[in-house]
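What follows is calculated from the coordinates using simple rules that are stated; it is not laboratory data. Please read these numbers as outputs of a predicted model, since none were measured by experiment.
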Amino acid sequence: PFVVTENCIKCKYTDCVEVCPVDCFHEGPNFLVIDPDECIDCTLCEPECPINAIYPEDDVPAGQETYVALNAELSQVWPVITTRKDPLPDAKDWEGKPNKLPLLER
Ligand code: SF4
Ligand code: F3S
């Protein structure tokens, strides 16, 4: 499956959600995740993210392996999102910032 990684935190552009044919994106307060049990590896979402936050499970950026388990865990508790919405207000300021994991809201 594909995995949403750190760069999404505090940005949440949501361009990714509308292309998913199986509605496997789930939304938290400042991050999205993919349900690994629903993802069919169609690859459509990966190029939609303007800040390259989506990767195949076996190709996540070095040091971000923890996001594989996080997507699996949080997709079980957060609701499905299928419609694009505005990014978070200061998304631009948070693009590409390192070490955003402590800022993840559940
Ligand atoms: Fe959905 Fe396809 Fe992305 Fe998986 S790879 S999350 S099925 S759009
Ligand atoms: Fe996040 Fe990128 Fe989707 S910022 S909400 S993974 S378009």
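Listed values, structure above:
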item	result
Whole-number percent relative contact order across the chain, with pairs defined as alpha carbons under 8 Å at least 6 apart	46 percent
Paired Rg and Dmax values of the chain, which use every Cα atom, in angstrom	12.1, 33
From phi via Karplus (6.51, -1.76, 1.60), per-residue ³J(HN,Hα) for region 50-61 in Hz, x at Gly/Pro	x, 10, 6, 9, 10, 9, x, 3, 8, 9, 5, x
Along each principal axis, Cα extent of region 1-57, largest first, Å	26, 20, 20
